[in-house]
Amino acid sequence: MKRIAIVVCALLTLLLGKHGLSQTTEWDVRADGFTERVFTAFALHTSDDFGVSLDASSRVVAHCSDCGEEALEAFLKMKHAEFQGFALLDKDAFGDLFETWQAALPEEVFVALLKQENLRAVTQNNYCNTSEPFCTDNGLYEFPAGVNAGIGESGPYYDCLRTRPNPAWYYMRILDPGDMDIYMYSTPQVDIDFCCWGPFEDPLEPCPDGLTRAKVVSCSYSTNWNETCQIRNAQEGEYYILLITNYSNRTCNIHFSKTDGEATTDCSILPPLVNYDSPVCVGGDLTFTANGLSGSIYHWFMVGGTWTSNEQNPVRHNATADMSGTYGCAITNGANQSDTTYLEVEVGENIFFHIDTVTCNTMVWDDEPLLESGVYTFSYETLSGCDSIIELSLDINYTPTLEIQGTHWPIGGSETHISVNEYEVQLTEPHAIVDTVLWQIDCPNWYVVPHGAKGMLCTLYIYSFLQEPVTLHAWAVNRCDSIHEEFFIQTSYYDVDENQQEAVFEVIPNPTHGEVNLHLGDMQGWVKVQVYNGMGQQVDAFVIEADGHNPQTFDMSQLPDGIYLIVVKQVEKTWVKKVVLRKE
């Protein structure tokens, strides 16, 4: 059996009505199409025994008095079957019925159904205020029609459009004044309809309530795959808003072209017909692109040069500086030919920097220690993708000393969790004055962001759990000096408070040669103990009974040397201690 437009939910609310038992069920957003839901709401609203309304959450609900669940469900099934007959009517007859159903419904119920339907929309321009620009001058642009795009929004006066499935909104701007006939058609050939409003001074400000009856200039609700929109006495700079509905709900493209009249549209509001992959650097590939239409012929050329191409997206490999200049392209598609479009192309040069600096003892640049005075060369990539060469003239001098403060045991990250930790540089040389601090983490998918005065602080974003330690780097730099400090980091499954003052849980001795005593403070009762190695693997687990006084002994001699986490859990509390095992 086909699913009905309104279904009874799993949990039904039974209300004791004025005349007896009342049955209520909320609207099912997964039910059949919008037109069937409107018809069923109409049937409920006009029935003597049933009704439709909104609940406190503005959801559409069906209800009946003096009946139970079975009677309401039987009515809904009957109306579902009745709608199947309406669906066989021709487009105009069905449109007449839909207008009747809509007019009979309370406005708030129809609006609620409309909002519910548009929640399922997946296209970008299915609302007036998200309309896209179009032009009609050469027929060399294709525009996608809406599919599964909801229903035309509430507010505009839709004139002849009795139903508005899959709305796709566009706007155009008049370039030359006069009359204009716009011919539109779909490929493949499917039923499309349209309504056009104007003129306006802005393409978005009228949306949606400004699209009134007085602003309608042309409309069609035919069963054709091609339509003609007629605009008269258009003036330069005016905007016209066009709605095209895809009645068939099949994937297709819409083509626009002017077939009559002296008025023209302004194509400068659209993305360029041709383009290139700016910026381009010396030695790279210079790639051109053109709007693609089946059967088109392309003619590319360089102004003042010898290069030409008939490809849609030609490429000039190993670009040189003399490839910079003006390029043109003309596109022919059947009887339509575009004006030649010109592009100003620039091939970027490589960049060279020379830096003079002094430092102390050593300097680290991209993890490479610079131990002697001299000239060092480093290669990077600019924001435009070109080579940037840095030449560093280094004079070794005295450097300040520093240390990094922060946790060695941050919680590891994952695809769904980012661990965020703060670190700080503290200078141990009281006379050192730092101009800036540079940070780096030697893990490719972690990210470090400096902040604070002179970059003395940084935030480390951890996106993965690593089994091996990694290193956080900091460079303190001043006018004459620079020093590098490293800080080891090992990801953990638990948050380790390395500076905990309250002796709730202690491990003694630490480091240990094998046996340790677990001091559990004032804990009472059963305590769960878990032991993890440095790779985050659980190597032991047991339960002990704490008495609040005597320590519990745990023998680690069966484990290999290394760093371990001992996790103690009781009720909803967890304590973690780091233990170093050295058996020799």
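We did not get these values from a lab; they are worked out from the coordinates using the rules stated. Keep in mind that what you see is a predicted model, and the values were worked out from it rather than measured. FYI the Cβ positions are ideal-geometry reconstructions off the backbone, even for glycines, and counts take in every protein chain you see.
For the pair Tyr342 and Glu486 in one chain, pulling the backbone fully straight at 0.36 nm per residue adds 46.4 nm over the alpha carbon distance. Computed over region 253-391, the Cα gyration tensor eigenvalues convert (square root of 5λ each) into semi-axes of 48, 16, 12 Å, ordered from largest to smallest. With Cα atoms defining each centre, region 66-116 and region 409-476 are spaced 62 Å apart in the structure. Between Ser58 and Asn226, the modelled label-to-label distance comes to 4.4 nm, taking each label 7 Å out from Cα in the direction of the beta carbon.
Evaluated at q = 0.18, 0.22, 0.27, 0.28 Å⁻¹, the base-10 log of the normalised Debye intensity for region 506-581, with identical point scatterers placed on the Cα atoms, takes the values -0.67, -1.00, -1.43, -1.51.
Distances between every pair of Cα atoms in the chain, grouped in 20 Å steps from 0 to the bin holding the largest one, split as 14, 25, 27, 28, 5 percent. Computed about its Cα centre, the charge dipole of the chain is approximately 1760 debye, with only Lys, Arg, Asp and Glu carrying charge at their Cβ. Name the shape class, rounded, prolate or oblate, that the alpha-carbon gyration tensor gives for region 128-269, where a ≥ b ≥ c are the square roots of its eigenvalues, rounded holds for a/c under 1.5, and otherwise prolate holds if a/b is larger than b/c and oblate otherwise. Cα axes put region 128-269 in the oblate bin. Cβ crowding within 10 Å, taken as a proxy for footprinting-reagent exposure, orders Val315, Val38, Val364 from fewest neighbours to most as Val315, Val364, Val38.
The shape of region 294-348 can be summarised by an equivalent ellipsoid whose semi-axes, obtained from the alpha carbon gyration tensor, come to 23, 12, 8 Å from longest to shortest. At 0.36 nm per residue, minus the direct Cα-Cα distance, what do Val111 and Thr326 gain on full extension? Give it in nm, one decimal, please. Taking Val111 through Thr326 to full extension adds about 72.0 nm, to one decimal.
Under the simplified labelling scheme, the Glu572-Asp66 pair shows an inter-label distance of 5.4 nm, with each label point 7 Å from Cα along Cα→Cβ. If R0 equals 51 Å, the separation of the Cβ atoms of His549 and Glu415 corresponds to a calculated FRET efficiency of about 0.65. Summing Cβ point charges (Lys, Arg +1; Asp, Glu -1) relative to the Cα centre of region 235-326 gives a dipole of roughly 340 debye.
Calculated on the Cα set of region 234-325, radius of gyration then Dmax: 18.7, 53 Å.
Dividing the helix sum by the residues of the chain, where each DSSP H run of 4 or more adds -39500 (n - 2.57), gives a mean residue ellipticity at 222 nm of -3000 deg cm²/dmol.
Approximating the spin labels as points 7 Å out from Cα along Cα→Cβ, the Ser373-to-His513 distance works out to 5.3 nm.
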